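Enquirer: Below are the structure tokens for one structure; questions will follow.
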Amino acid sequence: MASGNCKFTGNGGVFFSTVLVHLFILSAITLGLYAPWAWVRIFKLKASHTTIQDKQVRFVGTGGQLFVLGLVQGLLTLLTLGLYGPWAICKFFEWKARHTLVGDAPSRFKGTGGGLFPLYLVHLVILPVLTLGIYYVYGFYRLYAWKEEHTLYAGQKTSFGGGFLAFLKISIITAILNSMTLNLFTPWSLSMLFNWQIKGLAVGDEQRVEHFPPVKTNFAVAAAMVAIGLLPFALIGLFVKTQYSQIAAAAKMAMAITVAPPPVAKVAIRSRADVPAESRPQQSMPVKVLKKIEGKPAKTKTSARAAETPPLHAGEDTDAIYNRAWFVGSQGNLKEAENLYDQVIALNNKDADAYYNRGLVRLQARRFDLSVEDFTTVLELNPNFYEAYCNRGNAHYRAGRSDLAINDYGMALKLKPDDGDLFFNRGVVLLAMGREKEAANDLKEAARMGQQNAAAYLHSTKP
């Protein structure tokens with residue numbers, strides 16, 4: 001295994017005053033104009049603590065030279081929208097090599113912008129952009145290795161063997177400690193970087209010095225860096241997909257409800273009295289009506305007939321008014337039905353059925369809060385009236401109170417655990433709340449009980 005023959009003896013303390021005073025303070029005061037002179041001081045300090053083949057290194061460049069170089073090359077890079085970048089970088093490497101002396105022998109740089117261009121395009125432009133800058137760590141490593149392999153220190157062959165993992169470690173430590181110390185760790189991070197750079201160099205005649213093999217792109221490492229960089233995109237994509245799935249599921253549910261209306265309304269009013277006229281059976285009156293007219297065929301026939309509205313007679317009792325209210329409500333005259341139920345309740349404020357049917361009428365009229373009040377009264381009069389829990393849940397849901405709707409459906413299921421409509425209603429609300437797993441369980445249970453809308457929805461969402 002080859003090993004380097006160069007040494008670096010500097011440490012963070014050596015660079016501290018130069019970094020603090022020249023790189024931070026004076027550069028900040030001059031809005032960055034002094035930065036070239038600050039970096040030349042750092043280059044000279046680095047060289048003074050470096051030996052190559054046991055020969056002292058000196059750096060003889062000046063801040064003025066670097067200022068002009070940076071100004072010209074920076075403008076050319078901007079004017080070409082970054083395309084000139086490889087040639088600008090090579091100009092900097094050439095200037096630095098020319099002013100680096102090993103002993104008294106000058107160094108030189110043999111790289112070209114055209115030779116750097118593919119590496120620059122892939123490792124410093126495309127992959128960093130795709131990974132939100134994460135890939136720059138590996139990109140800068142490849143750039144530095146390429147630079148050293150194209151530099152001839154004292155005019156001699158140079159190879160580079162600094163490992164990427166060591167460079168990654170330095171990068172992570174620098175990022176963490178600089179963020180914690182407001183960049184006061186910079187002198188030590190530079191010292192760590194320079195030590196890694198210099199100790200990774202092998203310089204000299206191939207017959208006397210064992211050189212490192214050429215540095216090539218490690219595709220496994222590059223792929224890992226790309227994967228890490230793409231992780232935020234993957235998380236965003238997963239979030240968007242989840243949200244889209246919820247919206248699509250809700251849309252499919254709405255479509256299922258719209259195109260396949262059940263024999264009784266499931267999501268809204270769950271009552272035999274609310275069945276559409278065209279599908280309502282002859283004996284679809286509320287339970288109370290059936291009880292009151294049992295054994296009186298003539299009255300039953302009149303109450304169920306839709307040809308004309310029965311006349312209201314003076315002295316009519318609550319049952320007659322109730323029957324009339326049910327009839328006009330079934331014909332869609334909600335306001336008149338509500339007024340008639342008001343009369344029934346005024347005559348008997350303990351009539352749970354009247355409150356219930358008035359609640360249904362108000363629910364149809366989208367007067368949700370008044371509907372909730374009626375169903376609450378029903379439950380105070382008859383705590384086992386599970387249909388009131390169901391329809392109060394419907395009213396809460398339509399008023400935007402999904403949590404209260406879930407509670408009411410749960411109470412109804414305690415009284416009627418074999419009702420598929422209740423499972424379907426609760427599943428609809430859970431789905432709208434984004435609680436997909438719970439919704440799926442309720443919809444599957446409803447379908448198992450023969451609830452047609454639930455079965456239609458589950459069928460439509462199969463992959």
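Enquirer: Of the residues 398, 366, 426, which is over 31 Å from the mean Cα position of the chain (by Cα) and basic (Lys, Arg)? Explain how you work it out, then say what you get.
Expert: On the way: 398 fails: over 31 Å from the mean Cα position of the chain (by Cα); 426 fails: over 31 Å from the mean Cα position of the chain (by Cα).
Answer to the check: 366.
Enquirer: Name the residue that is surrounded by the fewest Cβ atoms within 10 Å (Cβ to Cβ), counting only residues in the range 37-72 that are modelled with pLDDT of 95 or more and polar (S, T, N, Q).
Expert: It comes out as 62.
Enquirer: Filter the range 84-106 for residues that are in a loop (DSSP other than H, G, I, E, B) and under 20 Å from residue 119 (Cα atoms) and give the result.
Expert: Of the range 84-106, the ones in a loop (DSSP other than H, G, I, E, B) are 84, 99, 103-104.
Across the range 84-106, the qualifying residue is only 84.
Enquirer: Do we have residue 111 as touching a Ser or Thr at 6+ places or on another chain (Cβ under 7 Å) and farther than 28 Å from residue 187 by Cβ here? Reasoning before the result, please.
Expert: Details: touching a Ser or Thr at 6+ places or on another chain (Cβ under 7 Å): no; farther than 28 Å from residue 187 by Cβ: yes.
Considered against the rule, which asks whether it is touching a Ser or Thr at 6+ places or on another chain (Cβ under 7 Å) and farther than 28 Å from residue 187 by Cβ, residue 111 comes out as no.
Enquirer: Let me ask you something else. Please pick out the residue among 76, 81, 66, 71 that is assigned by TED's automatic domain parsing to the domain that holds residue 35, out of contact with any helix residue (DSSP H, G or I) (no Cβ under 8 Å at 6 or more places or on another chain) and in a helix (DSSP H, G or I).
Expert: Values: 76 fails: out of contact with any helix residue (DSSP H, G or I) (no Cβ under 8 Å at 6 or more places or on another chain); 81 fails: in a helix (DSSP H, G or I); 66 fails: out of contact with any helix residue (DSSP H, G or I) (no Cβ under 8 Å at 6 or more places or on another chain).
Unique residue meeting the criteria: 71.
Enquirer: If you don't mind, there's one more thing I want to ask. Filter the range 9-36 down to the residues that are touching a helix residue (DSSP H, G or I) at 6+ places or on another chain (Cβ under 7 Å) and either within 18 Å of residue 188 (Cα to Cα) or surrounded by fewer than 18 Cβ atoms within 10 Å (Cβ to Cβ) (or both) and list them by number.
Expert: 10, 11, 12, 14, 15, 16, 18, 19, 22, 23, 26
Enquirer: Please state which of the following conditions residue 437 fails to meet, knowing it meets all the rest: (1) part of a helix (DSSP H, G or I); (2) of a type outside the set (A, V, I, L, M, F, W, C); (3) more than 23 Å from the chain's Cα centre (by Cα).
Expert: Failed condition: (3).
Enquirer: Quick check: is even one residue across the range 28-38 free of Cβ contacts under 8 Å to residues at least 60 places away in the same chain, more than 45 Å from the chain's Cα centre (by Cα) and assigned to a helix (DSSP H, G or I)?
Expert: Scanning the range 28-38, I find at least one residue that is free of Cβ contacts under 8 Å to residues at least 60 places away in the same chain, more than 45 Å from the chain's Cα centre (by Cα) and assigned to a helix (DSSP H, G or I), so the answer is yes.
Enquirer: Tally time: how many residues in the range 205-246 are among the polar types (S, T, N, Q) and part of a helix (DSSP H, G or I)? Even if it seems obvious, please write down each step before you answer.
Expert: Residues of the range 205-246 that are among the polar types (S, T, N, Q), as a first pass: 207, 217-218, 242-243, 245-246.
Next, only the ones that are part of a helix (DSSP H, G or I) stay: 242-243, 245-246.
Qualifying residue count for the region: 4.
Enquirer: Working only within the range 177-193, note down all residues that are closer than 22 Å to residue 102 by Cβ and surrounded by fewer than 20 Cβ atoms within 10 Å (Cβ to Cβ). Show your work before the answer.
Expert: Filtering the range 177-193 for residues closer than 22 Å to residue 102 by Cβ gives 190-191, 193.
Scanning the range 177-193 gives a single hit, 193.
The values are calculated or read from the model by the stated rules, or taken from the named source; none is laboratory data. All figures in this text were calculated on a predicted structure; none of them were measured in a lab. FYI the Cβ positions are ideal-geometry reconstructions off the backbone, even for glycines, and counts take in every protein chain you see.
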